[in-house]
Structures are given as C-alpha cells and as structure tokens.
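What follows is a set of notes on a single structure, which appears directly below.
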Amino acid sequence: MVMGALLWAGVGCAPTPEAPARGQETLASEWFFRGTPNGWGTEAMSAVSGGRFETCQTFQGGDAAGGPRFKIDRYGDWSQSYPAQDWGVANGTYRITFDPANHGITVASVSSCAPAVEWFFRGTPNQWGTTAMTTQDGLTYCTQQAFQGGDAAGGPRFKIDRYGDWRESYPAQDQGVAANTTFDLCIHTGTKQITVTPVSGGGGGTGGFQTLGADYTPAATTFALWSPDASNVQLWLDGQLHPMARAADHDGYTDVYAVTVAGDQRLKRYNFQVNGVTVRDPYGKMVEPNTNHDIVMDMARTALPEGWAPRPALTAREDAILYEVHVRDFTIDESSGVSAANRGKFLGMVEHGTRYAGLTTGIDHLVELGVTHVQIMPFYDFSTCGDVNDTTCYNWGYDPRNYNVPEERYSLTPFDYENRVLELKRMVNELHKAGIRVVMDVVYNHTYSKETFQAITGRYYTPTDLSGTGNSIDADVPMVSRMIRDSLEYWVREYHIDGFRFDLIGIFDYDDVGDWGRHINATFPGENILMYGEPWNGFASDPRELDRVRLGTIARIHDAHVGVFNPKFREALKGQNDNGGCNSGDCFAFNSNPDTWRIQVGSRGGIRYANDPYAPIDTWDPMFAADPEQAINYVSAHDNLTLRDKILLWANGQGIARSSGYLRRIQQFANGVVLTSQGIPFLHGGVEMLRDKQGNANSYNAGDSINKYRWQWKESNADIVSYYRDVIAMRRAHPGFRLNTWDEINQNVVTTRPQYGVVVNRINGAANQDSWRDIIVIYNSANNYTYPLPPGTWKVAMERSDPSAGNGRQVAGSVVAEGTAVTVLYQE
C-alpha cells in the first residue's frame, strides 16, 4: 500500500557536501536516490513508463542526524533535490517513484526488492498456458502478445489469471481482440481494468474498449456502442462493414459491442448499424454536416499550438457572476464591429479591438462589464439549420443531435473537422485569457427527435414525454446516466469548459445529478466547475416527482455542488414571464403590492430555514438551498421576455409612457437587487443596455432581426451600462455580498422589513474578510424612506440609480433611501 499516512518529513537533514562544479562529471542518469540506505551516496534511478523514475530501497534505521529518510537529487550534486525537507519513512522496503513533471513522490511498501510474478497472461497465443506479466509500479501488470488466429473454441482472445490456476481470472468472459495484431495488454490490479493497445498488425476484431465511441490511435481504432437489446451490431467504416462482438463488461459499462480496426482511420467516416438500421454514434466527437456520418478524430491534432491558458481564478463558486449569451446574436450585426467573416461565429465571440462609436463591443465589452462567466447557449451540434449554405436559418439550438460535437454553423470551416474543433477551443482559450470562464448550455433532457437513439434502443427514452418536446432522456437507466457523465467529463477535459447550465434538469433524479457532480469535482479537483439548471420539467405529470431535481430536493446533493435557478425570487421581483402581469405578491421591482417575504429569503441566497438538507420541505419552497452556491438568482433569461420588454408591457397596462425615466430605474433596480444578494447572480445578455426583442417571448427561431444585439443600445443607454458595470465591480470587490455557507449567512446577515415595500440586509462583512466590516443594503420598491442608521458614521457606497452617486459620502443618524433603488452603506 502507499504509505502516505505513515510518512513524515524533516527528520534530520541530508548532508550538504560541497557540490562539484557542473560539467566536471558526466552523469549516466537524470535522477538519483540519496538517503540513509546508501549513506547519502548517488544511486541512479531507473526510467519507467510515463517519464517517471523508480528505485527500490530497504531502510534499516537512520544515521546520526535522524531516522530513515531520503531525497531525490537531480544531478547528484545537491543543486536541485526534492522534497525541500528529507522524506522520512518507517523501517521497511519500499518502491519509490518520482515524477519529474510535478516533482511528485510515491512510496509503496513491498515485501522485497526482488521482482515477483503475481499475474499471468493466458490466451490463444500461448495455447492458454501461463506467461508471467511484468510490473513497474506494483499496481499495473503488462505483457505484449502477438495474436494470429484463434482455436477450435473461438477467435483470438485471452484472459488474465491471478495465480495461474484459474481461481481468479479477468474478465469474466474471454476478451476478444483483432487477429494478426500485436497488443500491449495491461491490468490494473486494484480496479481490474484491462487495457488493450494495438502495437502493429492488420485486420479487425473485437477490441478491448476503454470508452464508447471511436477510440483512436494511429495503429488502430476501437469502436464501441451500447446495445442492450440487439446483437446484430455492425460498424460501417469508409464503405466497409465490420461485425461487432459483445465485449466484456468493465468500469460500469455493460452490454457493449466493440470492434478494433487496425490501421490509421483518422478522418474516415463511420456509423453503426443495429439490426440493419444506420445510427449515429452517441459518443461521436465529429460529424459530417447534415448526414448520418460520424468522423474518426485524432484529437491530438486539435491541440492549441500556443497551449491552454490557465482557467481564470475562482476562489469560491459564490464569486461567479453569470452572463448569458448566444454565439450568433452577440456579433452578427454590423454594429458589433467584428470582421465580416467572423460575425456570428466562434471566433467572432473573441475578436478583440471591436468598437461602436468608440465604445467597446464583443469580448472587450464583457471584460469592461466585469462578469466572471459567460453562459453560452447551445453550441453542440443541433438538428435545425442543417444546411450550412443557408446563412439566414436561425435557431437557438435546443434540439440536440450530437452532444459532443461543435455546431458547424458557428465554424468558419464546417468541413475542416480538426479546424472546427480548434476554433471552439480558441474561443474558450481567448475568453480564459480575458479572465472569463465558460459555462456550456447543455440539453441532455431530450433529443431533437426519437430518431436520434431509438434505433439503438428505446431505453434511452422515458415512457412518457417529460420535456414537452416529444421525448425525454431516461437517466434512470445506468448506461444513459453514464453517457451524460462521460459527455460532461469530455467537455471539461478536451475543451476546458468551466461549467454547465442544464436545460430542464428537473426531468432527472437528484441522485443521478449528484453522481455527475461528484464525479466531475473528483476528476477535476480544485477547479470549482459550476453545475446548475432549471428545476422543472416541460409541464409534465411525473410519477417520480419526489425523486426529481426540485427546489425541495436540491439541498440533498449540496455536496455535489449543484445548484438551480431560483424561480421564486424571479417571480417576486418581476412577476409573470411572458406578459406584463403580476400575480398577487409579485413585482417587487414595480412596487405592485409586493409580498416582501420572498425578497427577504431570496436576497439571503434562498437558504433553508434549518441547516438540514434532508428536512422535508415543499417542492417549491423559496427557502431551499443548503449552501448559497445552490441559488442562481435572476430576473430574466433567453426563453421569456427580456426585462425591457416585460417593463414596457407592464407600463403599457399602467398607462406609463415608454420614455419615462421611471422605467429605466426599474431596469436598474431589478438586477441591482440580484447583484447585491447572496448566492450567484445571473444576467441575461444585453440587459445592461436595455436589450429588447420587440415583445417576442420565445424567439428561438425568430431570426436575427429579433434576437441580435444592436450595439447602438450601448451608446443610447450609457447610464444603464454604467450602473451594471459599477454594481458588478462593487460585488467583486466586496466579499460581504458573497458569503460562502449556510452558517455564514445565518450568523452574519440580519434581514428586516421596516415598512411596506422595504427590505434591509445588515451584513457582517468582516466575517468574509471584507474591508467593509459592516454593510447595510436597503431595497426600496416604494416611496422614499428615511432609514434610521445604527450608531456611528456610515459611508454611502450606492444610492439613487447610480452606484457611484454615494461616492463614500458620510452620513449619521439616518439616510434617505430613494424608491425603486438599492442603497448601500458601510463602515470600514
């Protein structure tokens, strides 16, 4: 076992003799072991796989300076050695492995330094005899075997035998491989996972698949498909059919059919045939536009030449400020200043230096605005607008066809498959360089039609439509859930995506979603990947309602760091989504007889009444979050009226003129509340410049004339833009608005309702290391209100409709909080 729990450092010190001058000796090894077993001499370490170095040592006591210990020396002259302090061990024999890439050291206890045979290869190449496998780390055992034909019982195949006597062997069924091919075969003795890597040869056969889809190497590609109901499964590859055989279950994958085809298959077209019906690959990484052909990809050829920029720093998820944007809408209009070729494309999203009337547009506008994340509407391959030559076709993309493929309409080169991938990677990378993380809008809840997966197996879909689109994905089926998890991991690993917004996450069980979140967080530790979604379904009656993601259940997976949009806060702020109406108690931003209780709990991050994630609550309880990161606070999003359109429709019903300055104050006030509340704020793209869609509430296919950004809005609404920019800057500068736990909010935010239409939060900013040790936030939807201040002198940070209006002026005794405005005061 690895001795991490028994190790200590700093016991004594390595001797430090005078180092010989560099160049006075020729070293035969790159890394040396030095420690008490060899009297601190230089013992060359052996190079092993993965660029690592290894040695085996027996420790028996220490020396005058301390107990048994060692260091790894780069040149054998102490000029560069690791770790900084001596690495202490208990007496015993250890295999010590050093990774020069990260200076990581692994110490594994072994019985002896003598090589021991513990695992055996048995198969058709050795007539099922016992061939000892070798290991370099004590965990993975390997052998290289050349397979020709099979035997009387079947084709070329093998098993791995633990003791050479068949008492314990893997996999459960013989592992089939390609004929006339040499493979490196390895087994991980902990997980029992077997890897089959082609080395040379030709022909085809059932390969040792590692994942589904097309797993490419220059020597061979393994194709694998989940097919639980049909055994007549074939691969169509570049005009030839290859029978696929049932592969052994492993690593949670079941009922998989696979085949390994030798040779370099890069960029070749392929698909699968199940019972004679052609189907696309659910795991496909690339497709030929508007066809049923997937493309074999060598993803190594899509590596960014300049390498990946680091993910922008995100200390806590509550530090996020989300901004929703659509690739085409953002730059398709000439006023964006983006070059004609890039407009509405991946690269248009990140073209720097663009201006309208001297004002920043595009990515430079996002940087100026100060948001931390862009939530980009679907950019995987969707079904509508399949003809890439039709440049007028428009769709948001909530009709997925291929979950893991970049949408061709956003690429300058839709038929240059490797460059299409590169363009998307460059978009993500340039956003990262600009300090902005990328959230991907994913639609795993349905496909554009059942045609997508039905011919493979009907098990992909729920018995009844829960999405309102004609079908819904059934993640209660383990292999369907695994497909979604694998897709999430693929986007993070391959494209460096920083988060996921789930469309209709409410059709899924919360325990499945929790599993996805935990896996992503464990696979990418410390990255603070965001995961959140809509906690409802498509207006369906669901017999599994109590098991689904809802406000009332999301707290149960708080450990998975999954959140949801907060519809109760949204309704309390603005009322109905698709018209100018206000239900009873709604429309706080409009001073329409509001029930301020939901403003109180919403501004506190929607945290539960009690810090018990399993305490039963109502399905739609506004107090739902076990952690403020679970509450995505918002007023408007893409799929309803823009905030400006909502305000105009409401004003029309009230007889208020469109030009009224009061309507502009509402535009500021509504998101001023969101941006100063606990939880994670979300902004609909363009809300900061009075974006409207001419009253169109669901403009998914309404075209550019309705959906596009008109950057002249920024010039004519400069005051609104400034308001949003300044409130965002204040939030980012002051962690008092971003408390991180249920306890922090419960203990450090006192919420009151001093009179009708007024909510006050007093925040102990010092609890989150804010230089503003005491903060008062006043939300006033009614008439001007004189608020009696606590003792002492206070500074005004924000008042009226201008976050900079307070400018730190000092007040004492009381302050006038204007109506339809957020007022912020603080003590340092």
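The values are calculated or read from the model by the stated rules, or taken from the named source; none is laboratory data. Keep in mind it's a predicted model, so treat the numbers as computed, not measured. A quick note on method: Cβ atoms are made from the backbone with ideal geometry, for glycine too, and the neighbour counts reach across all protein chains shown. For accessibility, only protein heavy atoms count, side chains too; no ligands or nucleic acids. Shrake-Rupley method; radii C 1.70, N 1.55, O 1.52, S 1.80 Å.
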- What does the highest-first list of 781-793, 720-732 look like by mean Cβ count within 10 Å? 720-732, 781-793
- Of the beta bridges DSSP finds with both residues in the chain, what % are antiparallel, to the nearest 5? 80
- Three principal axis lengths of segment 484-619 [C-alpha, angstrom, descending]: 49, 32, 30
- Message: Given contacts defined as C-alpha pairs under 8 Å and at least six residues apart, what's the relative contact order of segment 717-792, whole-number percent?
- Response: 24
- Rounded to the nearest whole Å³, what is the per residue volume of the convex hull around the Cα atoms of the chain? 205
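Could you please report the charge total around Val89, scoring K, R as +1 and D, E as -1 over all other residues with beta-carbon less than 13 angstrom from its beta-carbon?
Values: positive: Arg69, Lys71, Arg95; negative: Asp86.
For residues surrounding Val89, the net value is +2.
Leaving out ligands and nucleic acids, note down the accessible area per residue over segment 332-487 with a 1.4 angstrom probe, in whole Å². Mind dumping the intermediate values first?
Working: 4590 Å² over 156 residues.
On a per-residue basis, 29 Å².
Relative contact order for segment 631-720: what percent, with Cα pairs under 8 Å and sequence separation of 6 or more?
On the way: 101 pairs, mean separation 36.4, N = 90.
So the answer I get is 40 percent.
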- Amide H contacts under 5 Å for Gly605, placed H, 5+ residues apart: Gln678
- Message: Ignoring ligands, DNA and RNA, please state the percent of accessible area on the chain from carbon and sulfur, probe 1.4 Å.
- Response: 47
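Around Asp621, with a cut-off of 10 angstrom between Cβ atoms, what is the net charge of the other residues, counting Lys and Arg +1 and Asp and Glu -1? Walk me through the numbers on the way to the answer.
On the way: positive: Arg550, Lys568, Arg608; negative: Asp618.
Net of charged neighbours comes to +2.
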- Query: Which order do peptides 639-650, 814-825 fall in by mean Cβ count within 10 Å, highest first?
  - Reply: 639-650, 814-825
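If packing is taken as the mean number of other Cβ atoms within 10 Å per residue, what is the order of 165-172, 629-636, 553-560, 92-99, highest first?
Values: 165-172: 13.0, 629-636: 26.9, 553-560: 21.8, 92-99: 18.6.
The densest-packed peptide leads the list: 629-636, 553-560, 92-99, 165-172.
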